[in-house]
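Have a look at the structure below before the remarks.
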Amino acid sequence: MFDSLGLSSLLTLFFISLIASGLSGLLFLHPRVPLSFVRIHIGIVALPPLVSLLALANTNVNEVVGPWYLDTLAWLMAFFVLLIGLIIQRFSVRYLMGDRSYRKYFTLFTFTTGFASIAWLSGDLRLMVICWGATLIGLIFLIRINNGWKVASEAAKVSSRLFTLSWVALLVAIIWLFQVTGQWQLSLALTNESLAQLGAWDRTGINLLIVLAVIIPAAQWPFQRWLTESVVAPTPVSAIMHAGLVNAGGIMLTRFSPLFNGDIASIILLILASISVLIGSGISIVQVDYKRQLVGSTIGQMGFMLIQCALGAYIAAIIHLVLHGLFKATLFLQAGSAVRRSEVSYRVSKRPSYLWIIAGRTLGLLVGIAFWFTAPGEGYQLISALILGWSLSISWTHLVAYGEGRIGRIAGFSFLGGCAIVYFIIHNLFYEWLNTTVYQSVQPPMSVVIIVVCLLVFGNTVGTWIARNRSSVSFAVLYLWLVRLGEAKTKSVESHPNYLKQFLSQGGNQ
């Protein structure tokens, strides 16, 4: 374990490596630097996540060093952001070779992930909001990396307007918090003594502003437009959005969790996130474009992550955002092979016996009820029981009920068991890391939680019924509405990129 001096030295080493990464990115901008330097740049970029991993492995106390609040969550987020950034930059070396913005891309990428990691290490609220703003600016420039393409510029405009609203909301919330508590330090502003100075109006107003600042980058309804527009960005940019950027809401709400006491802000967050789960799931089903399918899935997944935060399950939300970020970034990087995978012909299996399907649904119901009874007073356990039973029933149907013969069913059952073991190992590991650093907050009333559960169940039931009656008017209306919701605006769509036409015409003249 590092003492205070050792932790300070490690922090210094981290920032030295981070500055070296930034200087390397700036050097790569010079046209006389050969393109082969990018591999040296990748090697330098690998240093900050390595240092953050060392700190994560040896830190289990909350330590304030100057403007930095160093706990397990801070180092975990820094490592997570920088590691995914490193992997995606390494992937982009060949993927973007020949692009006109090749050099600028790596520089912007390095600075965006660097500022994101600093934001989550910050213990000073002013430094946090500045670094988060720099991260959003970097993301906007990455979206419009092909600035000669009108569609990319339009997507960047949409994102910049919403990001500005989000950042201003966070800035006002932090200034408001300072005006009441007189503290800029995160660890001091959120103590019981400081929070006791907040009146009911102060707490509600600050919480509402934080919720607004969170749901916009998380692409929650009705602010999901920027994410659907951003699919025009290069695929690696879409991948990096999931490295502490789109899912930053979970981190931010965890940091400010002592403020939330189950008031109207938590209820609003719970309702908006629940609507987003249904809308995101619907978009991912009706879209035929692979990246838009992933965008719809992200909207739904971020909605569920914010539901976890609204119910006070912050450790579960952190686990969710890390695993979802890794999973979704991988899917985006594999987007180039999506068409090839869809061409594979699948052998249609025989319809399974209803006995196997009923057995799966019964098992899911029993497991969900048993899970809920372990903590019946917690709203999050009710949501988790619903999701767990639901997921188990669907997985059983696809892996076991539809299995080819006895061997297929045994394989499906073994896969389910293996996934359960891996889940519990990861779950316990994260709980051991974060249990002493993640705050808890008061949950909304159980009546609100029950309403959210009913909303999710009702949405799934209606969606299933409409899907089975595709000749009905309701199906056509819902289908077209979801398609329109997941599509970009008309002026953000081109049948062919206009900025490429000049190069094609020049090539024809030659």
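The values are calculated or read from the model by the stated rules, or taken from the named source; none is laboratory data. Just so you know, these numbers come straight off a predicted model, no measurement behind them. Note that each Cβ is placed from the backbone with ideal geometry, even for glycine, and that neighbours are counted across all protein chains shown. Please note that ligands, DNA and RNA were not included when accessible areas were found on the heavy atoms of the full protein model with its side chains. Shrake-Rupley method; radii C 1.70, N 1.55, O 1.52, S 1.80 Å.
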Scanning region 328-368 residue by residue, the ones that are surrounded by 10 or more Cβ atoms within 10 Å (Cβ to Cβ), at pLDDT 55 or above and touching a helix residue (DSSP H, G or I) at 6+ places or on another chain (Cβ under 9 Å) total 24
Residue 100: passes all of (1) of a type in the set (Lys, Arg); (2) under 24 Å from the mean Cα position of the chain (by Cα); (3) outside any helix (DSSP H, G or I) but (2)
Report task. Inspect all residues belonging to region 309-318 and state whether any of them is surrounded by 16 or more Cβ atoms within 10 Å (Cβ to Cβ), at pLDDT 75 or above, among the small types (Gly, Ala, Ser) and under 15 Å from the mean Cα position of the chain (by Cα). Result -> yes
Conditions (1) open to solvent by 10 Å² or more (accessible area, probe 1.4 Å); (2) more than 30 Å from residue 36 (Cβ to Cβ) -> residue 123 fails only (1)
Inside region 93-113, the number of residues satisfying the requirement of being farther than 13 Å from residue 142 by Cα and basic (Lys, Arg) is 2
Say whether the condition of being out of contact with any Ser or Thr (no Cβ under 8 Å at 6 or more places or on another chain) and among the β-branched types (Val, Ile, Thr) is met by at least one residue in region 186-195.
yes
Note on residue 98: of the conditions (1) modelled with pLDDT of 90 or more; (2) at positive phi, unmet is (1)
### Message
I'd like to know if region 295-308 contains one or more residues that are under 21 Å from residue 480 (Cα atoms), touching a residue at least 40 places away in the same chain (Cβ under 8 Å), assigned to a helix (DSSP H, G or I) and not hydrophobic (A, V, I, L, M, F, W, C).
### Response
yes
Quick count over region 33-68, residues being over 20 Å from residue 322 (Cα atoms) and not in a helix (DSSP H, G or I), is 12
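Okay, residues lined up against (1) surrounded by fewer than 17 Cβ atoms within 10 Å (Cβ to Cβ); (2) in a helix (DSSP H, G or I); (3) modelled with pLDDT under 75:
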| residue | (1), (2), (3) |
| --- | --- |
| 390 | no, yes, yes |
| 394 | yes, yes, yes |
| 415 | yes, yes, no |
| 425 | yes, yes, no |
Here the qualifying pairs (Cβ atoms under 6 Å; residues six or more apart or on different chains; first in region 164-180 and within 19 Å of residue 200 (Cα to Cα); second surrounded by fewer than 19 Cβ atoms within 10 Å (Cβ to Cβ) and of a type in the set (D, E, K, R)) come out as 180/202
Checked against (1) part of a helix (DSSP H, G or I); (2) aliphatic (A, V, I, L, M); (3) crowded, with 21+ Cβ neighbours inside 10 Å; (4) at pLDDT 85 or above, residue 239 satisfies every condition except (4)
Look at residue 284 and say whether it is surrounded by fewer than 24 Cβ atoms within 10 Å (Cβ to Cβ), part of a helix (DSSP H, G or I), among the small types (Gly, Ala, Ser) and within 13 Å of the chain's Cα centre (by Cα). no
| said: On the basis of being at pLDDT 90 or above, among the polar types (S, T, N, Q) and within 28 Å of residue 63 (Cβ to Cβ), does residue 160 make the cut? | reply: no
